[in-house]
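Structure, as structure tokens:
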Amino acid sequence: MNFKTLLGGTTALALSAGAALAQDVTLRLSHWVPPTHPIQTLGIEPWVESLREASDGRIDVTIFPAQQLGAAPDHYDMARDGIADITYTNPGYQAGRFPIYSLIEIPFFADNATGGAQALHEWYAPIAETEMADVKFCLANPHDPGTFHSRDPIRVPADIDGLNVRPAHATMSRFISLLGGGPVQVPAPEAREAIANGTADAITFPWNSVYIFGVDSEVPNHLDMPFYISAQLLLINRNTYDSMPEDLRAILDDHCTPEWSRRFSEGWAENEASGRDQMIASGEHTLYEPTEEEVQLWRDAAAPLVDQWMEEVGEGAQEYYDGWVEALERHDARY
């Protein structure tokens, strides 16, 4: 073999190796909770590790927690604009932008996060193709049902009148206004400050988030009922997804399924539920379980939210509504 032949073969091997390396993908994933939060440790990290394993390391993901790349309410636009390749987004932080999606935020629909995650994914994924057309929908991640946590006891809807309350999302904000309260709009990482400085008298949170975000010393009273959910979505930048090699895109698709939404949500759901047990064991918190009559008062108070949602969505609203209820019932997650 002469020198030119050897050189040509070496060059071909180098180009081939370079082409293979060029097929590898590193994705930037942004979220807005602390890196120690169960969302990252029990949801995002196992999902990322599974991507790495399934791709033999050809898909890697760098996680940017705690609003490092942008504020919590901006995460949808960050996925759209490519500030991050994947974002963990709470659509409820942007009032009125995703009207069909907001149905899931109305109280008294879902009573658990695991079946609820799978139901939400199956129901909303086709809708997202139009309502969130400028990103790719991947996963749904609702929290374990949340409730009211407050300085003074909240037992019936009339107790909200005159209170300032940090709501979980735009729909709970509207509900608080209907009851005569004042919504204090801050994302979860800023909830503690709102309570501590007296800007808010109460918050809506799932149970263990009261501890995770350090609000437990500020809110000793809790309404003990599964009240509402807030669901976050994992969204992917369209250009990032479309430019991935076909085989890697298929692996990503395999990690964007209803089954993965359930799996992604299980750890956080269990963690949130543990907060209630911790409060009971501490002896420092008062949990009030409403009577059947009081639960009905809450349900009656929330009923106008459905009517308003129907009016805002307009054509197709009843079909969307029926689809959400059917999905919840199918996955044993209906309140």
### Message
If Pro189 meets every condition in (1) under 16 Å from the mean Cα position of the chain (by Cα); (2) buried (at least 18 other Cβ atoms within 10 Å of the Cβ); (3) not basic (Lys, Arg) apart from one, which number is that one?
### Response
(2)
### Task
Taking only the range 170-197 into account, find how many residues are of a type outside the set (A, V, I, L, M) and under 21 Å from Arg155 (Cα atoms).
9
### Task
Taking Tyr228 as the residue in question, decide whether it is of a type in the set (Phe, Trp, Tyr) and more than 30 Å from Leu297 (Cβ to Cβ).
no
#### Entry: Residue list for the range 57-79, restricted to those being of a type in the set (D, E, K, R) and either over 15 Å from Leu27 (Cα atoms) or within 15 Å of the chain's Cα centre (by Cα) (or both)
Asp74, Asp77
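Conditions (1) surrounded by 17 or more Cβ atoms within 10 Å (Cβ to Cβ); (2) over 25 Å from the mean Cα position of the chain (by Cα); (3) under 23 Å from Asp300 (Cα atoms), marked per residue:
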residue: Ala168; (1), (2), (3): yes, no, yes
residue: Phe175; (1), (2), (3): yes, no, yes
residue: Val184; (1), (2), (3): yes, no, no
residue: Asp242; (1), (2), (3): no, no, no
residue: Trp260; (1), (2), (3): yes, no, no
### Task
Considering (1) under 24 Å from Phe175 (Cα atoms); (2) touching a Phe, Trp or Tyr at 6+ places or on another chain (Cβ under 7 Å); (3) modelled with pLDDT of 95 or more, say which one Glu312 fails and leave the rest.
(2)
### Query
How many residues does the range 268-315 hold that are part of a helix (DSSP H, G or I), in contact (Cβ under 8 Å) with a residue 40 or more places away in the chain and not charged (D, E, K, R)?
19
### Summary
Subset of the range 115-139, residues under 16 Å from Arg97 (Cβ atoms), small (Gly, Ala, Ser) and either part of a helix (DSSP H, G or I) or within 15 Å of the chain's Cα centre (by Cα) (or both), comes to Ala128
### Message
Looking only at the range 192-215, how many residues end up being surrounded by fewer than 24 Cβ atoms within 10 Å (Cβ to Cβ), over 19 Å from Tyr288 (Cα atoms) and hydrophobic (A, V, I, L, M, F, W, C)?
### Response
4
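The values are calculated or read from the model by the stated rules, or taken from the named source; none is laboratory data. Since we're looking at a predicted model, the values are computed, not measured. Every residue, glycine among them, receives a Cβ derived from its backbone with ideal geometry; neighbour counts consider all protein chains shown.
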